[in-house]
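The values are calculated or read from the model by the stated rules, or taken from the named source; none is laboratory data. Note that the structure is a prediction, hence the values are computed from the model and not measured. Note: ideal-geometry Cβ built from the backbone for every residue, glycine included; neighbour counts use all protein chains shown.
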Amino acid sequence: MLNFKKPIKQNKSQKYFIMASMSTLLAACGTSATTGTSNVTGAITTGNDNVVLGGAGGAGIVDLLAGDDIVVGGDAADFIRGGAGADNIQAGGGVDNIVVIGITNDASYSQSDIDNPNSSGVNLSSLISLMDLNNNPISDLQSGEVIDGGAEGAILFVYGKSDFTGVSLSNITRLDVHSEVTIPATMIKFLIDQGIFNSLIGDGSTKIIISNDGSGIELDFSSINMQGIGHIVVEAGVTLLLDQADLNGTTIIEGAGSIKSTSGELNFDGIKVAKGLTILDDAGAAVDVPRVDVTTGEPVDTGSGGGSGGGGAVTTPTAPILHVANEMTVSGVEFKVNTQTAEEDGFSSVTGLSDGGYLVVWQSDIDYDVNGQRYNADGSTNGSEFVVNGSTLKGQGHPDLTSLKDGGFVITWQVHKAGLKLHIYGQKYAADGTKSGDEFQINTDNGSIHQESSIADLGDGGFVMAWESYDQDGNDRGVFGQRYNADGIANGSEFQVNTHTNNEQLAPEVAALNDGGFVITWSSFGQEGQYGVFGQRYNADGSVDGGEFQVNVYTTGRQIDSEITTLNDGGYIISWESQGDVYGQIYNADGSVRKAEFLINTHTSSTQDNPVMTALSDGGFVVVWESKNQDGVTGQGVYGQRFDAAGTAIDDEFHINTDLINFNDQIAVTAIESGGFVVSWTSDGGGSIYAQRYEYSDTYKLTKDATEDFDIVTLLQSEQDSSVVTMGSVSISGVPSYVSFTKGSSDGNGTWTIAQSDLDGLQIKASNGDTSNFSLTLSVTLTHTSGGTSTSSSSIDVSVGNVITGTIGQDSLTATSTIDHVDGKAEEDTLTITGDKADFSFAIKGNDLQITNGDNVDLIHSIEELTFTGAGGTIDVDTLFDVIAGVDEAALDVWLANSYDYNT
């Protein structure tokens with residue numbers, strides 16, 4: 001389409017003669033319109049003309065008619081428009097403007113466009129057709145035509161469908177294309193090699209067909225500004241080297257050739273990529289992108305095409321995550337972390353380490369130091385308790401820490417030094433636990449109070465910090481941050497996070513994202529309601545990604561103490577305290593809301609506050625918080641709740657600490673390599689730091705003749721592109737005949753097939769009559785659009801137990817090794833257990849007593865007395881509850897609460 005809305009670099013008179021060029025076409029068809037020329041030597045006829053421009057020293061303007069014309073440009077910037085013959089255009093000095101018009105079949109114009117041209121030129125919806133011109137040929141391009149931009153190059157404007165095959169083109173600085181154009185690859189390479197071709201510009205509707213008129217050829221566009229080319233066709237044997245900016249305005253790419261990135265991998269979001277085209281990264285490796293029918297936009301089957309969608313190597317996708325979301329059980333007993341108890345230690349923080357172990361740090365109130373204790377993967381201590389800070393001045397506290405990619409870790413804390421205010425310091429450690437360099441000050445502003453630091457590993461060995469700073473932004477407290485490289489050197493300068501600065505913004509938390517960016521959250525007073533939770537997202541280069549955003553929807557009262565953690569799939573969850581309860585909101589990786597604001601705690605009496613979170617390897621997460629006067633606790637207890645990736649609660653909330661009297665607070669939680677997690681907290685009963693480790697149970701416990709949830713988790717690894725893979729059905733083999741599932745189908749030989757759509761709400765049932773234990777093997781296959789596949793398998797042991805139920809009267813019941821649940825009902829009931837009392841451990845689960853012996857876990861309900869056949873005699877259950885609650889530790893010489901099961 002001939003569209004002069006886009007200005008051409010020339011003066012108004014040149015624009016006028018561009019418009020007048022249409023009158024020349026009409027004149028060739030016998031109309032009365034005049035030919036537009038200026039400063040031309042030689043007649044312009046329908047024959048073979050020889051024309052010289054700029055004879056008088058000025059710019060020449062010529063609009064050629066039919067015939068094989070020869071044009072020689074002058075020294076100034078001429079305007080030349082070819083005619084219908086095979087023209088030889090030799091531009092002269094200056095940057096000339098050359099226009100060619102191809103053939104099209106429809107047009108819309110008026111005589112007034114020619115008689116009364118305006119300053120902006122003619123705006124035609126399309127070209128004049130052959131019929132409009134009495135079937136006279138008007139195409140400006142013919143095989144054998146020569147277009148030479150001259151010593152200083154020329155800008156070539158192309159309108160209408162044009163084919164440069166057989167045309168000689170040289171010394172062109174810019175191709176400005178407004179139609180469908182076919183250009184041989186060798187012609188483009190010649191222009192690039194001349195060294196002055198710098199731009200290929202379209203208007204968004206432009207279609208470029210790069211034909212191959214020779215053998216394999218590579219066109220390097222790294223020095224070419226390409227944009228607005230809406231439709232690119234690359235023929236076989238042609239490889240285009242492009243950067244991301246070259247694809248601005250492109251909506252369709254097709255052909256049998258190749259697109260190769262000049263840096264990393266290209267992003268084809270929003271672009272229809274056809275089957276048959278090969279996509280390569282900068283190293284020449286095939287890259288997988290979704291393929292579509294460019295006409296319908298529907299996905300197409302690419303067969304075994306790999307990066308090319310046909311004919312290339314098969315790509316094997318990253319194997320998915322597969323497991324049964326089994327119960328999370330206590331691993332060992334809660335344990336004391338710190339060795340000193342003379343004063344009040346507190347403010348613990350914990351992180352998992354790459355070797356499977358974990359590290360706890362805390363504030364010691366004896367020496368006002370920051371201390372730490374490292375643990376191995378099996379829970380044993382790794383070395384002794386150590387002091388983090390190098391300074392011996394009192395005033396170190398409130399530590400935070402993160403593990404690093406290389407196995408090391410960084411610990412931060414706030415310091416009060418003589419003559420200075422509070423500042424944030426850090427210490428980097430190597431994987432073996434030795435210090436890596438000296439401790440360093442993080443904040444650069446020395447005139448304010450800096451505190452409440454938070455730190456996150458960026459995944460590349462670097463890390464990012466956030467903290468609150470008093471009066472640094474001129475209005476109470478604000479939130480500031482600093483990025484660091486893997487070598488521990490600051491990456492850029494300290495930056496302010498919050499945009500809104502009125503009143504106070506405080507208590508920041510930071511989490512790294514899977515794409516290398518990060519999110520910082522904080523509480524802000526008076527911005528929306530009283531206190532609200534706000535956030536700011538950042539790109540991997542540290543630039544802001546959008547504006548700051550409000551997290552909480554409910555705005556009445558106080559929304560404070562935000563926490564954030566990144567999920568396996570790249571999304572993230574933000575939690576906070578609101579009016580004495582804990583709420584959360586889940587976001588997708590692109591920042592959109594996955595699950596809107598929801599209540600996390602189930603028990604809502606009294607106060608639940610100060611939440612902390614960590615993501616788990618199954619794609620879900622666990623939230624831990626403090627709760628007052630719950631479950632008979634006279635002080636404050638620590639509670640938790642597991643969720644899947646969608647934010648659906650897994651089982652019930654659970655009580656973590658065993659002390660039911662004292663005030664337990666200042667909690668922290670981290671995931672560990674095994675898939676479990678560790679919780680730490682402070683107990684004011686002795687100024688001590690305690691911790692409890694949780695692991696997935698190796699055995700799924702199924703009660704006979706009861707229907708139980710069977711939660712199968714299938715997740716893509718975080719690096720896998722979900723748009724090019726399909727997750728298949730889950731196959732479960734080894735299923736006994738007396739076991740069935742509520743969804744899916746059985747082949748009758750012990751194998752069930754469960755579709756992905758049936759995994760939600762899947763349940764398992766063991767019929768009455770058999771209590772044999774068994775093992776299940778699960779498998780799922782991930783299929784790539786190239787045809788490549790990967791399969792993950794997972795096994796789980798299943799134990800089937802009985803239920804013994806008493807009557808409403810006094811019962812005497814006997815437990816066996818297969819009993820999982822005993823319910824005595826009303827009145828005074830006695831349960832006889834085979835074995836010695838010392839072989840069993842006990843824990844409280846709600847109103848039930850849990851008894852553990854090895855791998856066997858039984859729940860006891862409404863039983864008043866336990867009798868052991870071996871040593872140990874009889875236990876009054878009420879007394880046992882008191883012992884577990886910490887009321888009378890002399891009542892039994894058995895360490896209780898050895899295995900607390902939350903999914904039985």
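Structure above, values below:
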{"read-out": "Residue match in the range 748-763 (condition: within 30 Å of L277 (Cα to Cα), touching a residue at least 12 places away in the same chain (Cβ under 8 Å) and surrounded by fewer than 19 Cβ atoms within 10 Å (Cβ to Cβ))", "value": "no"}
{"read-out": "Residue tally, condition part of a strand (DSSP E or B) and either buried (at least 23 other Cβ atoms within 10 Å of the Cβ) or under 18 Å from the mean Cα position of the chain (by Cα) (or both), over the range 455-477", "value": "11"}
{"read-out": "Test for G426: is it crowded, with 17+ Cβ neighbours inside 10 Å, farther than 21 Å from N475 by Cβ and at pLDDT 95 or above", "value": "yes"}
{"read-out": "Any hit, the range 128-144, residues being within 47 Å of the chain's Cα centre (by Cα), modelled with pLDDT under 85 and not assigned by TED's automatic domain parsing to the domain that holds I229", "value": "no"}
{"read-out": "Single residue of G619, G570 found to be within 29 Å of G352 (Cβ to Cβ), of a type outside the set (A, V, I, L, M, F, W, C), in contact with a Leu (Cβ under 6 Å, 6 or more places away or on another chain) and not in a strand (DSSP E or B)", "value": "G619"}
{"read-out": "In the range 542-572, residue farthest from G591 (Cα to Cα) [restricted to those that are at pLDDT 95 or above and charged (D, E, K, R)]", "value": "D561"}
{"read-out": "Selection from the range 211-247 of residues that are part of a strand (DSSP E or B) and touching a Pro at 6+ places or on another chain (Cβ under 8 Å)", "value": "S211"}
{"read-out": "Residue within the range 224-236 that is over 20 Å from V158 (Cα atoms), among the β-branched types (V, I, T) and in the same structural domain as I209 (by TED's automatic domain parsing) present", "value": "no"}
{"read-out": "The range 631-661 - residue that is crowded, with 20+ Cβ neighbours inside 10 Å, free of Cβ contacts under 8 Å to residues at least 40 places away in the same chain and farther than 27 Å from T566 by Cβ and, of those, farthest from the chain's Cα centre (by Cα)", "value": "V633"}
{"read-out": "Residue within the range 711-727 that is more than 26 Å from the chain's Cα centre (by Cα) and not polar (S, T, N, Q) present", "value": "no"}
{"read-out": "Segments classed as strands (runs of 3 or more DSSP E), wholly inside the range 350-445, with at least 2 members that are touching a residue at least 40 places away in the same chain (Cβ under 8 Å) and over 23 Å from G676 (Cα atoms)", "value": "396-403, 409-416, 422-429"}
{"read-out": "Test: residue in the range 252-268 that is within 25 Å of the chain's Cα centre (by Cα) and within 20 Å of S179 (Cβ to Cβ)", "value": "no"}
{"read-out": "Hey, T499 within 17 Å of D473 (Cβ to Cβ), at pLDDT 95 or above, polar (S, T, N, Q) and touching a strand residue (DSSP E or B) at 6+ places or on another chain (Cβ under 9 Å) or not", "value": "yes"}
{"read-out": "Qualifying residue in the range 764-772 (condition: in contact with a His (Cβ under 9 Å, 6 or more places away or on another chain), in contact (Cβ under 8 Å) with a residue 60 or more places away in the chain and either assigned to a loop (DSSP other than H, G, I, E, B) or not hydrophobic (A, V, I, L, M, F, W, C) (or both))", "value": "no"}
{"read-out": "Enumeration of residues in the range 328-351 that are modelled with pLDDT under 80, closer than 30 Å to L762 by Cβ and touching an Asp or Glu at 6+ places or on another chain (Cβ under 6 Å)", "value": "T329"}
{"read-out": "The range 540-555 residues that are in the same structural domain as Q496 (by TED's automatic domain parsing) and over 12 Å from I520 (Cα atoms), paired with ones that are small (G, A, S) and part of a loop (DSSP other than H, G, I, E, B) (beta carbon under 8 Å, 6 or more apart)", "value": "A540/G516; A540/G517; G546/G591; T555/G529"}
{"read-out": "Failed condition for Q505, given (1) buried (at least 18 other Cβ atoms within 10 Å of the Cβ); (2) within 24 Å of the chain's Cα centre (by Cα)", "value": "(2)"}
{"read-out": "Strands (runs of 3 or more DSSP E) enclosed by the range 675-729 - at least 1 residues per element that are at pLDDT below 85 and more than 18 Å from T614 (Cβ to Cβ)", "value": "699-703"}
{"read-out": "Given (1) over 22 Å from T402 (Cα atoms); (2) in a strand (DSSP E or B), number of the condition G640 does not satisfy", "value": "(1)"}
{"read-out": "Boolean, I253 is part of a strand (DSSP E or B) and touching a His at 6+ places or on another chain (Cβ under 9 Å)", "value": "yes"}
{"read-out": "Qualifying positions in the range 714-732 - surrounded by 16 or more Cβ atoms within 10 Å (Cβ to Cβ) and either over 20 Å from S757 (Cα atoms) or touching a Gly at 6+ places or on another chain (Cβ under 6 Å) (or both)", "value": "L715, S718, Q720"}
{"read-out": "Unmet criterion (only one of (1) closer than 30 Å to P317 by Cα; (2) at pLDDT 90 or above) for I764", "value": "(1)"}
{"read-out": "Test: residue in the range 641-649 that is in contact with a strand residue (DSSP E or B) (Cβ under 6 Å, 6 or more places away or on another chain) and more than 20 Å from G761 (Cα to Cα)", "value": "no"}
{"read-out": "Test: residue in the range 516-524 that is assigned by TED's automatic domain parsing to the domain that holds P611, at pLDDT below 95 and within 18 Å of the chain's Cα centre (by Cα)", "value": "yes"}
{"read-out": "Options T699, T703: the member that is in contact (Cβ under 8 Å) with a residue 24 or more places away in the chain, in contact with a His (Cβ under 7 Å, 6 or more places away or on another chain) and of a type in the set (S, T, N, Q)", "value": "T703"}
{"read-out": "Residue check for L778: farther than 30 Å from R291 by Cβ, modelled with pLDDT of 75 or more and either surrounded by 15 or more Cβ atoms within 10 Å (Cβ to Cβ) or in contact with a strand residue (DSSP E or B) (Cβ under 6 Å, 6 or more places away or on another chain) (or both)", "value": "yes"}
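Per-residue answers, yes or no, for (1) in a strand (DSSP E or B); (2) over 29 Å from D476 (Cα atoms); (3) within 23 Å of the chain's Cα centre (by Cα):
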{"site": "N514", "(1), (2), (3)": "no, yes, yes"}
{"site": "V533", "(1), (2), (3)": "yes, no, yes"}
{"site": "G542", "(1), (2), (3)": "no, no, yes"}
{"site": "N552", "(1), (2), (3)": "no, no, yes"}
{"site": "S562", "(1), (2), (3)": "yes, no, yes"}
{"site": "W576", "(1), (2), (3)": "yes, no, yes"}
{"site": "Q585", "(1), (2), (3)": "yes, no, yes"}
{"site": "H603", "(1), (2), (3)": "no, yes, no"}
{"site": "T614", "(1), (2), (3)": "yes, yes, yes"}
